[in-house]
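Below: the structure, in structure tokens.
The values are calculated or read from the model by the stated rules, or taken from the named source; none is laboratory data. No experiment lies behind these values; they were computed from the predicted model shown. Here the Cβ is made from the backbone with ideal geometry for all residues, glycine too, and neighbour counts use every protein chain on show. The protein model used for the area step is the full one, side chains on, heavy atoms only, and it has no ligands, DNA or RNA in it. Shrake-Rupley method; radii C 1.70, N 1.55, O 1.52, S 1.80 Å.
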Amino acid sequence: MPHSGGGGSHGGGSHGGSHGGGSSHRTSHTYFPGARRYRRHYNDGRPDEYFYSNGRPQKTGLSGIITFLLFGVFFGGIMTFAIRSEMPKKLDEAYRRPSSRVIDNIDVLGNEDDLEDALEDFNDMTGICPVVYTMYTEDYYGSYADLETFAYHYYVDNWSDEQHYLVVYAIPENQGDAFRSGELRVPDFEFEIMMGDETDAIINESIENSVVDTIYDNLEDGKSPDRVFTGVFNSLTDIAEDRLTSKSFNPRLLIPIIIVVLFFGLPLIFMIKSYIRDKHCDIDEVPLTETDNAYVGRYGGTTASTSFSNSSVMNSDSMKIIKVLMLVFMIPFVVIGLSLIISGARGLMSGGDPTRGFQLVFGLIWTFIVVISITSVFKALGKAKKKMDDDPLTAEYPKADMPHSEYPYAEYPQQEYNSTTHDDCRSSHEEDEDSIRKGYE
């Protein structure tokens with residue numbers, strides 16, 4: 001929908017327009033309170049790797065990598081699309097050019113030919129259709145709250161696109177004759193600019209504020225409105241030419257690259273490394289070492305009888321927390337997809353920019369991938385919980401109430417040995433020589 005580009009009035013000044021999860025598991029190569037010991041056994045011949053974790057380790061899956069990669073690609077794509085759509089470019093005209101762009105209802109524009117030429121040059125350069133409209137202030141009294149409201153309704157009643165740039169100029173009817181004859185130098189004028197949304201890429205807010213100030217200052221100085229508007233549109237044409245023909249690199253294009261690398265690229269590298277590492281290995285829980293058991297006895301730990309139930313409660317709560325965090329993380333992505341769909345559909349229905357069709361399709365694909373990703377993650381979490389319920393941790397651990405003074409110095413059963421002579425020992429060795437494997441003599 002069109003929006004105000006600003007305006008002003010005699011004695012009242014000018015005004016601007018209205019532009020529109022991380023994991024809860026901890027892993028370490030050294031024991032820490034509450035940890036269990038695991039072995040990563042590699043099937044390709046690499047030595048086993050032992051580590052500690054307070055939760056059941058999960059292998060990095062290929063589906064997770066692909067999903068994360070797609071998120072990075074689509075997120076970077078949508079950001080690039082959004083930035084490029086805001087970059088200035090000549091519009092593909094979605095309207096029929098009028099025979100005249102000047103509508104002087106009150107005969108106050110003295111040199112319409114020069115103004116018409118300036119408007120046509122601006123139209124040719126930008127693809128934006130400019131229109132200058134003059135009227136008496138009494139013409140909108142009673143029907144509209146102010147000139148801005150009149151300009152908005154005039155725009156939507158006459159054009160269905162977002163590519164017009166309307167300037168409305170009004171003076172009181174009782175000052176018309178004096179102003180046309182030159183007796184009145186500065187009437188009680190009002191002016192308002194109404195512009196389509198697609199014009200923002202070329203005429204941004206900074207440029208528009210400058211245009212409004214220029215119009216107001218020149219009208220207050222007593223310059224004729226035709227000279228003021230001609231000069232303004234000639235300046236706008238020069239500004240637009242500089243912006244549209246500039247070959248300099250736009251640093252804003254680096255924003256999506258930086259974001260994708262930081263938030264998707266680096267985590268993706270670690271995910272791929274983990275996937276390659278875990279592809280040919282099995283992860284099993286193994287008992288703690290004697291040194292680890294000493295720490296358990298000294299600082300307290302879970303008993304064999306209660307560790308499984310506590311673990312189940314912890315895992316159940318962890319699953320709920322992960323699901324909530326996942327939903328919170330994914331909500332912005334869902335909102336982005338729905339916004340693209342709504343914006344693209346509205347653009348197509350209004351007969352605006354043809355690229356809105358691409359925006360609609362992109363939004364549908366984006367939303368579909370997000371929904372599939374959420375569903376896949378929830379299914380994976382459900383399977384993981386079911387596996388933990390069906391296959392609880394099985395390694396035996398010391399009880400928490402074992403005094404550390406008794407462990408690891410607890411007595412172990414001693415094997416009894418019979419006293420033998422050296423000759424008897426040697427004879428025994430000679431008799432068993434044939435049973436000894438080569439390489440273990």
* For the stretch 123-158, what are the residues that are buried (at least 18 other Cβ atoms within 10 Å of the Cβ), over 45 Å from the mean Cα position of the chain (by Cα) and in a helix (DSSP H, G or I)? -> 137
* Kindly provide the set of residues from the stretch 28-52 that are open to solvent by less than 40 Å² (accessible area, probe 1.4 Å) and either within 23 Å of residue 378 (Cβ to Cβ) or part of a loop (DSSP other than H, G, I, E, B) (or both), ordered by number. => 32, 35
* Could you grab the pairs with beta carbons closer than 9 Å, sequence gap of 6+ or different chains, first residue in the stretch 364-376 and under 10 Å from residue 333 (Cα atoms) and among the polar types (S, T, N, Q), second one open to solvent by 60 Å² or more (accessible area, probe 1.4 Å) and assigned to a helix (DSSP H, G or I)? => 367/338
* Is it the case that the stretch 183-196 has a residue that's surrounded by 17 or more Cβ atoms within 10 Å (Cβ to Cβ) and part of a helix (DSSP H, G or I)? -> no
* To do: Among the residues of the stretch 66-97, write down those that are modelled with pLDDT of 75 or more, surrounded by fewer than 17 Cβ atoms within 10 Å (Cβ to Cβ), touching a helix residue (DSSP H, G or I) at 6+ places or on another chain (Cβ under 8 Å) and over 26 Å from residue 373 (Cβ atoms).
  => 89, 90, 97
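Just to verify a result, which residue in the stretch 103-122, among those that are assigned to a helix (DSSP H, G or I) and not aliphatic (A, V, I, L, M), is nearest to the chain's Cα centre (by Cα)? Quick ask: steps written out before the conclusion?
Step one: list which residues in the stretch 103-122 are assigned to a helix (DSSP H, G or I), which gives 112-122.
Going one step further and asking which of them are not aliphatic (A, V, I, L, M), we end up with 112-114, 116-117, 120-122.
Values: 112: 49, 113: 49, 114: 48, 116: 44, 117: 44, 120: 40, 121: 39, 122: 36 Å.
Restricting to residues being assigned to a helix (DSSP H, G or I) and not aliphatic (A, V, I, L, M), the top hit is 122.
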